[in-house]
């Protein structure tokens, strides 16, 4: 497959790996946080960690939208489907995420609720057109990548005069979350979590561009390299971060130039700005309330806002006891530090969101067997 | 969630702002509402049924060349008297 196979070539991976081994300073450690679950997945699937020197460590971040959605919002979706008799449409990732009382959208579907998995917002619109007598709610989640398609759907629904379609908006923003991690006491207090540099997200950046990262590269003096999702992209970006750290620089660099520009996708950004506005704050699992970190639908499109059309109460719900998802999402703990990991919590029977989504750190550890790796086990027990 | 796959545009329908992409033998109808100036033959990133961005063939080549260069720097550094500063 073009633009995929060549970025997975083993011979090139060996070259980049040799260059990294050659250029690292043996006297220091390099803690590099990949914000995005897509990178976590690439690192595990292709064994990128094994191609790094011992003093280069990947710290997994909260960039998995399924993982960071608080339990209360899942409970809201379950209530909508059960109590308001709506057709609830959502992306496949959301179906198995446990809400309160171990309920999930998949379980309530089995009990008779009308929950439908869609591939695209266009599918949700079609369901609304085909069922004019029913209320259709699109349970929208995701970062800046998934937001523009939701904006297109809302505009299209308005243009078509679809009266039975609304969006339960849970779209969140990447820069706000990275800033929150950098400002957290764990990162500020020396010795608990050290993050020396960041891999910037691939496809989020294709929409927002590289410009939004310039502020915190400067403010927090940490280098950022925007990296593609293929294993060679991740390795080359690690090399670029290592070079910056060796030289004492903290710039925003872009490895994923085949897709990402400084300004991003202007058309997509304009559509998002037309339909959405910032929420004053939004709860993230693991990070708590993060100011200006999520979007809501503007009042001009209130007719398509599920939270205006239905009673959607704020629900305070807690995670399953013993689940370490919150600490794992902040990069403070590893999946192997969680008592539930691999015992009662597996992808077939997930207790926490990080085990559900393929982008979650727990699912990546489990799927690619990294927890059986002697180095990982040693580190975990250290 | 943010994963996207590169695919080639084989057909464009200006009226509905959509198109068809080919991924090996698979063909899929996608929305082109988020991108400008797409032509048949272009590679685009597909995400939840939408083309998110065009892929630049020139930049892809440049990045691939960088992977090879990494070793060149290494060789220079390893050579006696050489240095990659």
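Since every read-out is calculated from the coordinates, none of them should be taken as a lab result. Since the model is a prediction, treat every value here as computed from it, not as a measurement. FYI the Cβ positions are ideal-geometry reconstructions off the backbone, even for glycines, and counts take in every protein chain you see.
The alpha carbon centroids of region A:63-78 and region A:132-174 are separated by 17 Å.
The label-point distance for residue A:281 and residue A:367, in a model that sets each label 7 Å from Cα toward Cβ, rounds to 3.4 nm. Separation of region A:224-268 from region A:111-129 is 36 Å, based on Cα centroids. GNM on chain A, alpha-carbon springs under 10 angstrom: the most fluctuating residue among A:196, A:93, A:50 is A:50. For region A:7-61 versus region A:300-353, the spacing of their alpha-carbon centroids is 28 Å.
Between residue B:26 and residue A:274, what's the calculated FRET efficiency when r is the beta-carbon distance and R0 is 30 Å? Round to 0.05.
Approximately 0.35, to the nearest 0.05.
Inter-chain Cβ neighbour count for A:201-209, averaged per residue, equals 3 (cutoff 10 Å, partner chain atoms only).
Inter-chain neighbour count for B:52-60: the average number of beta-carbon atoms from partner chains within 10 Å of each residue's beta-carbon is 6.
Put in order of Cβ neighbour count within 10 Å, fewest first, the listed residues A:355, A:240, A:1, A:94 become A:1, A:240, A:94, A:355. Taking all Cα pairs closer than 8 Å and separated by 6 or more residues, the relative contact order of region A:1-158 comes to 18 percent. Helical runs assigned H by DSSP (4 residues or longer) give chain A a calculated mean residue ellipticity at 222 nm of -10500 deg cm²/dmol, each run adding -39500 (n - 2.57) before division by the residue total.
Rank A:314, A:140, A:113 by mean-square fluctuation in a GNM of chain A with C-alpha springs under 10 angstrom and give only the top-ranked residue. Maximum fluctuation in the GNM of chain A, among the listed residues, is at A:314. Can you tell me the 0 to 90 degree angle between the C-alpha axis of helix A:10-23 and the longest principal axis of chain A, rounded to 10? Its long axis makes an angle of about 60 degrees.
Under the criterion of Cα pairs below 8 Å and six or more residues apart, the relative contact order for chain A equals 22 percent.
Between residue A:314 and residue B:15, the FRET efficiency estimated from the beta carbon spacing at R0 = 30 angstrom works out to 0.10. With a ≥ b ≥ c taken as the square roots of the eigenvalues of the C-alpha gyration tensor of region B:5-78, please select rounded if a/c is under 1.5 and otherwise prolate if a/b is larger than b/c or oblate if it is not? In terms of gyration-tensor shape, prolate. Each residue in A:292, A:256, A:91 was given a count of other beta-carbon atoms within 10 angstrom of its own, and listing them fewest first yields A:292, A:91, A:256.
Could you work out the mean count of beta carbons from other protein chains within 10 Å of each residue's beta carbon in A:150-163?
Across A:150-163, the average partner-chain Cβ count within 10 Å equals 1.
First check a/c for region A:211-328, with a ≥ b ≥ c the square roots of the eigenvalues of its C-alpha gyration tensor; if it is under 1.5, answer rounded, and if not, answer prolate when a/b is larger than b/c or oblate otherwise. Oblate, since a/c reaches 1.5 and b/c is not below a/b. Seen against the Cα atoms of chain A and their longest principal axis, helix A:147-160 is set at about 20 degrees.
How much length is gained if the chain between residue A:327 and residue A:211 is pulled fully straight, taking 0.36 nm per residue apart and subtracting their Cα-Cα distance, in nm to one decimal?
Contour length minus the Cα-Cα distance gives 38.9 nm.
Maximal additional length on extending the residue A:11-residue A:49 stretch stands at 12.0 nm, based on 0.36 nm per residue less the C-alpha distance. Computed from the Cβ-Cβ distance with R0 of 35 Å, the FRET efficiency linking residue A:339 to residue A:1 stands at 0.30.
Highest mean first, what order results for B:23-31, A:264-272, A:299-307 on Cβ atoms within 10 Å?
Ranked from most to least packed, the peptides come out as A:264-272, A:299-307, B:23-31.
Note on residue A:307 and residue B:65: the model spin-label points, each 7 Å out from Cα along the C-beta direction, lie 4.8 nm apart. Using the alpha-carbon atoms, what tilt in degrees (0 to 90, nearest 10) does helix A:71-83 show relative to the longest principal axis of chain A? Result, in degrees: 20.
With the gyration tensor restricted to C-alpha atoms of the protein assembly as shown, the semi-axes of the equivalent ellipsoid amount to 37, 27, 19 Å, longest first. Each of A:34, A:135 was scored by other Cβ atoms within 10 Å of its Cβ. Arranged with the fewest first, they read A:135, A:34.
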